[in-house]
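Asks: Provided herewith is a single structure, encoded as C-alpha cells, for subsequent inquiry.
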Amino acid sequence: MRYVFIMSLLLLSGFLIKAQNIDKIINKKAVKKIEQKLSSDKMGGRGLYSPGLDKAAEYIAKEFAKAGLEPLERSSSFFQEFKMIDAKQINTSGIIGGDTIAAHNIIGFTSKKHIQVDNTSGFETASINTGEKFLYTAYRYLQAGKNYIVWVDSAEAQNFSTLNRLKGPGFPSDNSVIFVLSSPKEKFSFVIDNEISEKKLKNIAGMIPGKSRSDEFVIFSGHYDHLGIGKADANGDSIYNGANDDAAGITAVIMLARYFSKLHSNERTIIFAAFTAEESGGFGSQYFSKQFDPAKVIAMFNIEMIGTESKWGKNSAYITGYEKTDMGVILSKNLEGTEFTFHPDPYPDQHLFYRSDNATLARLGVPAHTISTSKMDSEPYYHTLDDEIDTLDMKNMAEIIKAIALSSKTIISAEDTPARVDTEQLR
C-alpha cells in the first residue's frame with residue numbers, strides 16, 4: 001500500500017512538473033511578444049513578394065534557430081526556396097472549323113512564352129457543359145497534369161471570364177490547358193503569346209529529429225503571408241496586419257518549436273513549417289508537400305486564426321475535417337482532465353478542410369487537419385485593416401497552443417497513429 005502511495009505521488013509530481021514547464025514556455029507574455037513582432041506595421045502586412053514578407057521570413061528563421069531546430073534533411077538553411085511563373089496573356093488568336101474566334105473566348109493556362117496548338121498536337125479534349133460546377137470542373141482539369149483543350153458550352157459565357165480568377169503565378173509546368181468558349185470542333189488551331197516573369201518565394205521549415213522513428217513525420221504549420229498594403233481608410237491605416245490571419249498560427253508554430261525542443265522526447269520527427277502564398281492559392285504548402293512521401297507523414301496540425309474565442313467560448317477550438325479521421329478523438333483523449341475541448345468544424349458549408357494549407361496532404365491521404373477558433377460566419381476583422389493585435393486574446397491563445405502541445409503527445413511519442421483520410425471519398 002505504501003509502495004502504491006509513493007508511486008502515485010511520483011506520477012502526480014511528474015505531471016505537475018510537466019505542467020509547470022509548459023506554463024513556463026507557453027504563456028501570455030511569450031505569445032504576445034512573437035505576435036506583436038509578426039503583426040507589426042514594420043512587416044508591411046506581409047504581402048506577396050514584398051520586403052515585409054522577407055523580413056517576416058528572416059524573423060521566423062531566427063526564432064527556429066533560437067529554439068534549437070535543425071534544417072530539414074538535404075537542406076543547409078531553414079529557407080525552402082522555390083520559383084513561380086507569372087504568364088500574362090498578351091496576344092491570342094484562334095480558328096475553329098475555318099472560322100476565326102474572338103481572342104477573349106480563349107483563355108490559356110501555360111508556363112510557355114509561345115504556344116501554338118491544333119487538332120494534330122496530341123492535346124486531350126474535354127468539355128464543360130451547362131449545369132456543371134463551372135470553376136470546380138475547370139480546376140480539376142488544371143490539376144490533372146495533362147495537356148487539354150477544354151470546350152466550354154456557349155451558355156456559360158457569363159462564367160467564362162471568371163476563369164481569370166484562377167490565373168496568376170503558378171509552378172513551372174510542361175503541360176498547358178486551353179479553355180475555349182465554343183462547341184467542340186474536329187479542326188482547330190490556337191496561338192497564345194505570354195509575357196513571362198519569374199518570381200521567387202520561400203517557406204521556412206525546421207525539425208527535431210525523432211529518436212526511434214525518425215523516418216515518420218508529424219507536422220505543425222501555419223502561413224506567414226497576408227494581404228500587404230491597400231487603400232487607406234478614414235484613419236489613414238493602409239496595412240493589413242493579419243494578426244489573427246495568420247500571425248497567430250505562426251506564433252503557435254514558434255511556441256511549439258520551443259516547447260518540443262525543450263522536451264526533446266519525441267520518437268517521431270517533428271517538422272515545423274511556415275508557409276508562404278496561402279492567400280494566393282496555397283502554393284507554399286503545395287511545394288512543401290511535394291518534398292515528402294505522404295505515407296511517411298503521420299499527422300499534420302495546421303494552425304490558422306486562433307487569436308479569438310471560438311463559438312463555444314474560451315478553452316475550445318475546432319478541427320476541420322474532424323469526421324475524416326480519428327485524429328480528433330486522439331487529441332480529445334489526451335486532453336481528458338483539462339478544461340479544453342476540441343469540436344468538429346461547425347461551418348461545413350464553408351468547406352474549410354479544403355481551403356487551408358492542410359488540403360494538399362489531406363488529398364494524399366494524410367490525417368492533415370486545420371485547428372482554428374475563427375467564427376467564419378461572424379468574424380468581424382477577417383481580411384480587414386482592423387485585424388490587429390489588440391483584437392486578440394493573448395491568454396486564451398496561449399491556452400490553445402498548450403492544448404495543441406498536450407493533445408499531440410501520443411502521436412509524437414508513436415503511441416497513437418491516426419487513421420488515414422479515405423481518398424476515394426474525396427473524388
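Asks: Compute the length gained on full extension between ASN164 and SER214: take 0.36 nm times their separation in residues and subtract their Cα-Cα distance, giving the result in nm to one decimal.
Replies: Taking ASN164 through SER214 to full extension adds about 13.7 nm, to one decimal.
Asks: To continue, here is another question. Looking at this model, which pairs from LYS211/LYS402; LYS62/LYS88; LYS375/LYS402; LYS55/LYS296 are more than 27 angstrom apart at the alpha-carbon?
Replies: Over 27 Å apart, Cα to Cα: LYS62/LYS88; LYS55/LYS296.
Asks: Still on this structure: If each DSSP helix of 4+ residues adds -39,500 (n - 2.57) and the sum is divided by the residues in the chain, what number results at 222 nm, nearest 500 deg cm²/dmol?
Replies: That calculation yields -8500 deg cm²/dmol at 222 nm.
Asks: Also: Quick one: dipole size for the stretch 171-320, taken about the Cα centre, charges +1 on Lys/Arg Cβ and -1 on Asp/Glu Cβ, in debye to the nearest 20.
Replies: Magnitude of the dipole: close to 540 debye.
Asks: Within 10 Å of each residue's Cβ, count the other Cβ atoms and sort LEU331, LEU385 from fewest upward.
Replies: Ranked by crowding around the Cβ, least crowded first: LEU385, LEU331.
Asks: Would you work out which of HIS264, ASN175, TYR381 lies farthest towards the positive end of the dipole of the chain? Charges go on Cβ: Lys and Arg +1, Asp and Glu -1.
Replies: HIS264
Asks: Output the DSSP H helices from the chain with an along-axis C-alpha extent of no less than 27 Å and a mean Kyte-Doolittle hydropathy no less than 0.0.
Replies: Qualifying helices: 2-25.
Asks: Next up: To the nearest 20 debye, what charge dipole does the stretch 99-186 have about its Cα centre, counting +1 at the Cβ of each Lys and Arg and -1 at the Cβ of each Asp and Glu?
Replies: I would put it at about 380 debye.
Asks: Which residue fluctuates most in the GNM of the chain (Cα springs below 10 Å): PRO367, PRO209, PRO346?
Replies: PRO346
Asks: Could I ask something else about it? In the chain, if the dipole is taken from +1 on Lys/Arg beta carbons and -1 on Asp/Glu beta carbons about the Cα centre, which of SER111, THR130, GLY242 is farthest to the positive end?
Replies: GLY242
Asks: I want to check the label-to-label distance for THR137 and LYS311. Put each point 7 Å from Cα in the C-beta direction and report it in nm to one decimal.
Replies: Using points 7 Å along Cα→Cβ, the separation is 3.2 nm.
Asks: Which peptide among 192-201, 251-260 comes first, and what is the full order, when sorted by highest mean count of other Cβ atoms within 10 Å?
Replies: By packing density, highest mean first, the sequence is 251-260, 192-201.
Asks: Quote the charge dipole size of the chain about the Cα centre in Debye, to the nearest 20; the model charges only the Cβ of Lys and Arg (+1) and of Asp and Glu (-1).
Replies: It works out to roughly 1280 debye.
Asks: Another question, if that's okay. What's the ranking of 34-41, 158-165 by average number of surrounding C-beta atoms within 10 Å, highest first?
Replies: The peptides rank, most packed first, as 34-41, 158-165.
Asks: Which far-off residues, 5 or more places away or on another chain, put their amide H under 5 Å from the one on ASP326, with H placed in the peptide plane?
Replies: Close amide H contacts, sequence-distant or interchain: ALA419.
Asks: Once phi is turned into ³J(HN,Hα) by the Karplus curve 6.51 cos²θ - 1.76 cosθ + 1.60 with θ = phi - 60°, what whole-Hz value does each residue of the stretch 111-117 show in order, with x for glycine and proline?
Replies: Result, rounded to whole Hz: 8, 8, 6, 9, 9, 10, 10.
Asks: Using the charge dipole of the chain (Lys, Arg: +1 at Cβ; Asp, Glu: -1 at Cβ; taken about the Cα centre), state which of ALA273, TYR141, GLY52 has its Cα farthest towards the positive end.
Replies: ALA273
Asks: If you don't mind, there's one more thing I want to ask. Can you compute the modelled spin-label distance between GLU186 and LYS395, with each label point 7 Å from Cα toward Cβ, in nm?
Replies: 7.7 nm
Asks: Long-range amide H contacts for ASP225: which residues qualify at under 5 Å (H placed 1.01 Å from N, peptide plane, sequence gap of 5 or more or a different chain)?
Replies: ALA277, GLU278
Asks: Compute the distance in nm between two label points, each set 7 Å from the Cα along the Cα-to-Cβ direction, one at TYR382 and one at LYS333.
Replies: The answer from the label model is 3.2 nm.
Asks: Here's a follow-up. How high is the relative contact order of the chain? Use alpha-carbon pairs under 8 Å, at least six apart in sequence, and give a whole percent.
Replies: Value for the chain: 19 percent.
Asks: Among ILE178, ILE303, ILE404, whose mean-square fluctuation peaks in a Gaussian network model of the chain (Cα, cutoff 10 Å)?
Replies: Top of the fluctuation ranking is ILE178.
Asks: Using a Förster distance of 45 Å, how high is the FRET efficiency between SER265 and THR130, based on the Cβ-Cβ distance and rounded to 0.05?
Replies: 0.15
Asks: If you take every DSSP beta bridge fully contained in the chain, what fraction is antiparallel? Give it as a percent rounded to 5.
Replies: Roughly 55 percent of the beta bridges in the chain run antiparallel, per DSSP.
Any read-out appearing in this document is the output of simple, stated calculations on the displayed coordinates, not a laboratory observation. As the structure is a computational prediction, the values presented were derived from the model and not from experiment. So basically every Cβ, Gly included, is an ideal-geometry build from the backbone, and we count neighbours across all protein chains shown.
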